[in-house]
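*Asks:* Quick one: this structure, given as structure tokens, is what I'll be asking you about.
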Amino acid sequence: MKNKTNILLIYTGGTIGMVKDYKSGALKAFDFSELLKRIPELKQLDCAIDSISFKIPIDSSNMNTGHWVSIAELIESNYNSYDGFVVLHGSDTMSYTASALSFMLENLGKPVIFTGSQLPIGDLRTDAKENLITSVQIAALQENAIPVIQEVGLYFEYKLYRANRTTKINAEHFQAFASLNYPPLVESGVHLRVFEENVWRTPSKKKFKVHKNMDGNVAILKLFPGINESLLRSVLNTSELKGFILETYGSGNAPTESWLMNLLQEALDKGIHIINVTQCSGGSVVMGRYETSKHLERLNIINGKDITTEAAITKLMYLLGCNISPKLFKTVFETSLRGEMQ
């Protein structure tokens, strides 16, 4: 008889793990030891579910690199005991955390599915139950005793996306996330439909490895009409800054003023890595397509291609933490490591 698939549920905080206290009307953290009592439907899944929670659940707005390491360590210490992992997380910074974990978990051979909800688990109209049940079901999917999903995914409102391709697009609708530059991995309808051609496969059978050194000496600046020299200078002169995401217009375009060129060149001369990422939700940076990006191309700024800002900043932290040689940094960043860019 086939053993049941073992799934570990990791609750970090967020709306999905909240229930309403009907006396006070306030939301409070849900006791996950009573998970099957709250969601008896989980018993119908052909898998065994254990759960573990952060000692102090946090709102995802308070998420930081230390919390990312805590999640990675929980997966690392339980990796050989479970077939898949479901991480419950607040939706506001879920794309950042899930993108970070995709880089931190190298040679991942099992599913790590992030999910959450827009309404608490005890709410009458909640989206929490469907998101949680289907995330567990996807994490338990196996074919010939091998996990179908072997990457970090983000499941929300009937679709599983590659985590490092997602961005939160809506604070009110149940369809809170989008992956505009990469198609879904799984779609939930009457049946679960897996798009095998979109699923990531670790190229080799190398040993699973967890990276815990994420360097937070980074910054993001979004260009806007009227941006001035003193603002850019102040950001680039931030103490100990090592990496800088420049969110440009359209396909990677920026003002051609000499002061902008000079400041970027000064930063590059100081060893600061600068990445050109489009501020558009979809599409890609194509430096040199227009005159307004040729000057960035001449500076040899890193091409972010079609990466999301969330994946760009977490990849930057990861690579800085790996102490990549300055000579190789541009080449490595422009290479897809976990399917985060084309």
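The values are calculated or read from the model by the stated rules, or taken from the named source; none is laboratory data. Small disclaimer: the values here were computed from a predicted structure and weren't measured. Here the Cβ positions follow ideal geometry from the backbone for every residue, glycine too, while neighbour counts run over all protein chains shown.
*Asks:* Can you tell me which residues in the stretch 316-341 are assigned to a loop (DSSP other than H, G, I, E, B) and in contact (Cβ under 8 Å) with a residue 40 or more places away in the chain?
*Replies:* The initial filter retains those residues of the stretch 316-341 that are assigned to a loop (DSSP other than H, G, I, E, B), namely 322-325, 334-341.
Scanning the stretch 316-341 gives Cys322, Leu337, Arg338, Gly339, Glu340.
*Asks:* Restricting attention to the stretch 257-286, and to residues there that are of a type in the set (A, V, I, L, M) and farther than 17 Å from Thr335 by Cα, which single residue is nearest to the chain's Cα centre (by Cα)? Talk me through it step by step, then tell me what you get.
*Replies:* Taking the stretch 257-286 as the starting set, the residues that turn out to be of a type in the set (A, V, I, L, M) are 260-261, 263-264, 267-268, 272, 274-275, 277, 285-286.
Narrowing further to those that are farther than 17 Å from Thr335 by Cα: 260-261, 263-264, 267-268, 272.
Values: Leu260: 31, Met261: 31, Leu263: 30, Leu264: 28, Ala267: 28, Leu268: 27, Ile272: 24 Å.
Filtering first and then ranking leaves Ile272.
*Asks:* A follow-up question, please. Is the stretch 52-69 home to any residue that is among the hydroxyl-bearing types (Ser, Thr, Tyr), at pLDDT 95 or above and surrounded by fewer than 23 Cβ atoms within 10 Å (Cβ to Cβ)? Break it down stepwise before answering.
*Replies:* At the first step, the residues of the stretch 52-69 found to be among the hydroxyl-bearing types (Ser, Thr, Tyr) are 53, 60-61, 65.
Next, from what is left, pick out any that are at pLDDT 95 or above: 65.
Filter once more, keeping what is surrounded by fewer than 23 Cβ atoms within 10 Å (Cβ to Cβ): 65.
The answer is yes, given that some residue of the stretch 52-69 is among the hydroxyl-bearing types (Ser, Thr, Tyr), at pLDDT 95 or above and surrounded by fewer than 23 Cβ atoms within 10 Å (Cβ to Cβ).
*Asks:* Suppose we filter Val136, Val194 for residues that are crowded, with 19+ Cβ neighbours inside 10 Å and in contact with a helix residue (DSSP H, G or I) (Cβ under 9 Å, 6 or more places away or on another chain); which single one remains? Can you show your working first?
*Replies:* Working: Val194 fails: crowded, with 19+ Cβ neighbours inside 10 Å.
Every option except Val136 fails the conditions.
*Asks:* Tell me which residues, restricted to the stretch 231-256, are surrounded by fewer than 18 Cβ atoms within 10 Å (Cβ to Cβ), hydrophobic (A, V, I, L, M, F, W, C) and within 25 Å of the chain's Cα centre (by Cα).
*Replies:* The answer is Val235, Leu241.
*Asks:* Here's another thing I want to ask about it. Suppose the filter is over 25 Å from Asn217 (Cβ atoms), surrounded by fewer than 18 Cβ atoms within 10 Å (Cβ to Cβ), without any contact (Cβ under 8 Å) to a residue 12 or more places away in the chain and of a type outside the set (A, V, I, L, M); does Arg289 pass it? Give the steps one after another, and end with the answer.
*Replies:* On the way: over 25 Å from Asn217 (Cβ atoms): yes; surrounded by fewer than 18 Cβ atoms within 10 Å (Cβ to Cβ): yes; without any contact (Cβ under 8 Å) to a residue 12 or more places away in the chain: no; of a type outside the set (A, V, I, L, M): yes.
No: the conditions fail for Arg289.
*Asks:* Does the stretch 193-204 contain any residue that is in contact (Cβ under 8 Å) with a residue 12 or more places away in the chain and either over 30 Å from Ile133 (Cβ atoms) or in the same structural domain as Ile307 (by TED's automatic domain parsing) (or both)? Quick ask: steps written out before the conclusion?
*Replies:* From the stretch 193-204, those in contact (Cβ under 8 Å) with a residue 12 or more places away in the chain are 194-195, 198-202, 204; that's our starting set.
Add one more test, that the residue is either over 30 Å from Ile133 (Cβ atoms) or in the same structural domain as Ile307 (by TED's automatic domain parsing) (or both), and what stays is 204.
Yes: the stretch 193-204 contains one or more residues that are in contact (Cβ under 8 Å) with a residue 12 or more places away in the chain and either over 30 Å from Ile133 (Cβ atoms) or in the same structural domain as Ile307 (by TED's automatic domain parsing) (or both).
*Asks:* What number of residues within the stretch 257-286 are assigned to a helix (DSSP H, G or I) and either aliphatic (A, V, I, L, M) or free of Cβ contacts under 8 Å to residues at least 24 places away in the same chain (or both)? Spell out the reasoning first.
*Replies:* Residues of the stretch 257-286 assigned to a helix (DSSP H, G or I): 258-269.
Applying the additional criterion that residues be either aliphatic (A, V, I, L, M) or free of Cβ contacts under 8 Å to residues at least 24 places away in the same chain (or both) yields 258, 260-264, 267-269.
Total satisfying the criteria: 9.
*Asks:* With the requirement that a residue be among the hydroxyl-bearing types (Ser, Thr, Tyr), over 25 Å from the mean Cα position of the chain (by Cα) and in a loop (DSSP other than H, G, I, E, B), what does the stretch 287-308 give you? It would help to see each step written out before you state the result.
*Replies:* First, the residues of the stretch 287-308 that are among the hydroxyl-bearing types (Ser, Thr, Tyr): 290, 292-293, 308.
So of that shortlist, the ones also over 25 Å from the mean Cα position of the chain (by Cα) come out as 290, 292-293.
Once the filter is applied, which keeps residues that are among the hydroxyl-bearing types (Ser, Thr, Tyr), over 25 Å from the mean Cα position of the chain (by Cα) and in a loop (DSSP other than H, G, I, E, B), the stretch 287-308 yields only Tyr290.
*Asks:* What strands (runs of 3 or more DSSP E), lying completely within the stretch 96-211, carry at least 1 residues that are closer than 27 Å to Thr278 by Cβ, at pLDDT 95 or above and aromatic (Phe, Trp, Tyr)?
*Replies:* Working: elements: 112-115, 152-156, 159-162, 186-188, 192-194.
In the stretch 96-211, the matching strands (runs of 3 or more DSSP E) lie at 112-115, 152-156, 159-162.
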